[in-house]
Amino acid sequence: MVRKKKLSPSGAKDDEGEYHNVHVNLHEDELAVAGMDIGDEVFVRVRDGKIIIQKADANPDQLEHDF
């Protein structure tokens, strides 16, 4: 499943009026495809040009590290 999303500004602005945080809205059907539910803890990895989200309660031996 692929859907285009926008990184929406989030949180307070700094003294210069700039945001330093964003959020991405994911629909429950997207979470279901990934085997996740609203409220699950996740690992977030940042790689060259990628943001990877994995369920945090997975067995550490099953976590993917090569993307």
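Data table
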{"read-out": "Set of aspartates and glutamates near LYS55 by C-alpha distance (under 18 Å), chain-local residues within fewer than 8 positions excluded", "value": "GLU28, ASP29, GLU30, ASP37, ASP40, GLU41, GLU64, ASP66"}
{"read-out": "Nearest-0.05 FRET efficiency for TYR19 and ILE52, computed from C-beta distance (R0 25 Å)", "value": "0.65"}
{"read-out": "Neighbour-count ranking [beta-carbon atoms within 10 angstrom, fewest first] of ILE38, ILE51", "value": "ILE38, ILE51"}
{"read-out": "Per-residue [θ]222 nm for the chain (sum of -39500 (n - 2.57) over DSSP H runs n ≥ 4, rounded to 500)", "value": "-2000 deg cm²/dmol"}
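Since every read-out is calculated from the coordinates, none of them should be taken as a lab result. Not measured: the values here are computed from a predicted model. Quick reminder, even Gly has a Cβ in these numbers, built from the backbone with ideal geometry, and neighbours come from all protein chains shown.
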